[in-house]
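The values are calculated or read from the model by the stated rules, or taken from the named source; none is laboratory data. Everything numeric in this text was worked out from a predicted model, so none of it was measured. Ideal geometry is used to build each Cβ from the backbone, glycine not excepted, and the neighbour counts take in all protein chains shown.
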């Protein structure tokens, strides 16, 4: 496979309609990007996702057959990309059109000086569209707690729009990470910070989904908060 500058990892669960919009946008902006969809859908929806991905030469699809968590999907994508897709850096983004492909290159630009670049919704120059005030307040409170508890100077721990160096991905796929859902975003940042990797934020825009249904719910949020409390209470170990 010809070397791509960027491998874009997209975790997906029942997102074929959104992927049909998102993938052409990415291809238009970065024609040589490798795109890896990690699909946890089952049966008919899985077939639809494969059909969408099959329209594009540099798009690959990993079908896992059941929902195993967003974070788990990203790590599966990283492992596959490191082994099968020659690229300079890796990026994760949501399938639900919340993240703007126009911002991918700006998000990736600091890689080399930084090992992980977080697209922040809460730093100067960022924008949030279609969220209610109460939802923004809830998200900010969660991120304030995460910053206090984990001790990293980040404004946004929970946005899954991030770029990584190959070195950072190799480390994350080698160690034991406890979480599988979206709180794995916080665990990954914490583990990288613990081991001296450089983390940077850039402002991005964020748009609430237009099509489909969010996979996050109150129970996952509660489990996630418990999970992040565990992070500082347990030691990390190599697999």
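What the table below lists for this structure:
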quantity	calculated
Qualifying positions in the stretch 28-54 - in contact with a strand residue (DSSP E or B) (Cβ under 9 Å, 6 or more places away or on another chain), surrounded by fewer than 19 Cβ atoms within 10 Å (Cβ to Cβ) and within 24 Å of residue 87 (Cβ to Cβ)	32, 50, 54
Some residue of the stretch 157-169 being part of a loop (DSSP other than H, G, I, E, B) and surrounded by fewer than 17 Cβ atoms within 10 Å (Cβ to Cβ)	no
Candidates 57, 125 - the one that is loosely packed, with under 14 Cβ neighbours inside 10 Å, without any contact (Cβ under 8 Å) to a residue 60 or more places away in the chain and out of contact with any helix residue (DSSP H, G or I) (no Cβ under 6 Å at 6 or more places or on another chain)	57
Criterion (touching a helix residue (DSSP H, G or I) at 6+ places or on another chain (Cβ under 8 Å), free of Cβ contacts under 8 Å to residues at least 60 places away in the same chain, part of a loop (DSSP other than H, G, I, E, B) and more than 24 Å from residue 103 (Cβ to Cβ)) met by exactly one of 191, 178	178
Filter pass, residue 101 being surrounded by 19 or more Cβ atoms within 10 Å (Cβ to Cβ), out of contact with any strand residue (DSSP E or B) (no Cβ under 7 Å at 6 or more places or on another chain) and modelled with pLDDT of 95 or more	yes
Filter result (under 20 Å from residue 113 (Cβ atoms) and surrounded by fewer than 23 Cβ atoms within 10 Å (Cβ to Cβ)) within the stretch 173-188	none
The lone exception for residue 57 - which of (1) farther than 22 Å from residue 166 by Cβ; (2) part of a helix (DSSP H, G or I) it fails	(2)
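For every residue, the table says whether it meets (1) closer than 18 Å to residue 92 by Cβ; (2) at pLDDT 95 or above.
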{"residue": "150", "(1), (2)": "no, no"}
{"residue": "168", "(1), (2)": "yes, yes"}
{"residue": "172", "(1), (2)": "yes, yes"}
{"residue": "182", "(1), (2)": "yes, no"}
{"residue": "196", "(1), (2)": "no, yes"}
{"residue": "199", "(1), (2)": "yes, yes"}
{"residue": "209", "(1), (2)": "yes, no"}
{"residue": "221", "(1), (2)": "no, no"}
{"residue": "227", "(1), (2)": "no, no"}
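Okay, residues lined up against (1) within 17 Å of the chain's Cα centre (by Cα); (2) closer than 27 Å to residue 177 by Cα; (3) without any contact (Cβ under 8 Å) to a residue 24 or more places away in the chain:
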site	(1), (2), (3)
14	yes, yes, no
19	yes, no, no
51	no, no, no
68	yes, yes, no
